[in-house]
Amino acid sequence: MFSSTGSFLSLSVFSVLVLLLSFYQVNSSSTPTKIGKGYRLISIEETPGGGIVGVLQVKQKNNIYGPDIPLLQLHVKHETQDRLRVHITDAEKQRWEVPYDLLPREKTQALKQTIGRSRKNPITVQEYSGSELIFSYIADPFSFAVKRKSNGQTLFNSSSDGSESFGEMVFKDQYLEISTQLPKDASLYGLGENTQPHGIKLYPGDPYTLYTTDISAINLNADLYGSHPVYMDLRKVKGQADAHAVLLLNSNGMDVFYRGTSLTYKIIGGVFDFYFFSGPTPLAVVDQYTSLIGRPAPMPYWAFGMILLSPLVLS
């Protein structure tokens, strides 16, 4: 369910070394190291296409794993009734993303306002509401949350809120980090491909590494297999089952740390390109997810054991 052919994973040996070194240093102690002070939102405006676009400025620069990218562009849009996109990238330079011709989807809004221009009034907590999902943000330090309109459940919340398990958002050239708070009763599934003794359900404690490739010998210069950084969150809300999914569309190598009450992405490049699927059932989540990435190919009759077919069927 969570992996497919046609991968877009491509990493250099240098990037792999940076990944291993960074993750070893970050996780060498029981308490995770907090890399920086995060970003502040300095301007935001609505776009003609129905979304919002803003500028984030780093609060305090440091050189841990390289210099921080000073200005970021935030773009948020409800693409469908059940899908919300949150895209964060460098505001001044183009960065590697999964090509739009490889995975057809709507392109992000270009930044039109003057970078660095801020509003006269301080930006506080705001909301951007869709049919079912609500995007809200805090300006300083910048964090965002995604909530469900029907029952008020928080599906994603990147605010550290003084947490010991993770810090503020980090965005460097070869090191990106962002986290979300999670309720204790959430059951997470996905983040393939990996082999775990518990199957596809995630259990707290161990990192889940996404660095998958399997190139066929008969197809030269093509990466035909990879993993999708997507998980499904199953919860029981007021006695009812509730499901949603979160996809981070990033083709770089990454570790995902699930600690029970939080989940942290640590990535060696690219951008933050989140897609939130509202569900609310597992079947609806899969339908919404495959409507974005593409439907699986139909199974051939012989794969179901239908070898001996009657002339009537063949005709």
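Points worth noting:
- Checked against (1) at pLDDT below 95; (2) over 30 Å from Q174 (Cβ atoms); (3) hydroxyl-bearing (S, T, Y), Y225 passes all but a single condition, namely (2).
- Taking the stretch 254-270 as the range and being within 15 Å of R95 (Cβ to Cβ) and surrounded by fewer than 24 Cβ atoms within 10 Å (Cβ to Cβ) as the test, the residues that pass are G269, G270.
- Of everything in the stretch 152-178 that is touching a Pro at 6+ places or on another chain (Cβ under 9 Å) and small (G, A, S), the residue that is surrounded by the fewest Cβ atoms within 10 Å (Cβ to Cβ) is S165.
- Residue check, T264 modelled with pLDDT of 95 or more and either under 26 Å from Q196 (Cβ atoms) or within 17 Å of the chain's Cα centre (by Cα) (or both): yes
- Checking each residue in the stretch 139-153 for being within 16 Å of the chain's Cα centre (by Cα) and either in contact (Cβ under 8 Å) with a residue 24 or more places away in the chain or in a loop (DSSP other than H, G, I, E, B) (or both) picks out S143, F144, V146.
- Verdict on E127 being of a type in the set (D, E) and modelled with pLDDT of 95 or more: no
- Scanning the stretch 45-85 for residues that are outside any strand (DSSP E or B) and within 26 Å of K149 (Cα to Cα) returns T47, P48, G49, G50, G51, Q81, D82.
The values are calculated or read from the model by the stated rules, or taken from the named source; none is laboratory data. None of these values were measured; they are calculated from a predicted model. Every residue, glycine as well, gets a Cβ built from its backbone with ideal geometry; the counts of neighbours run over all protein chains shown.
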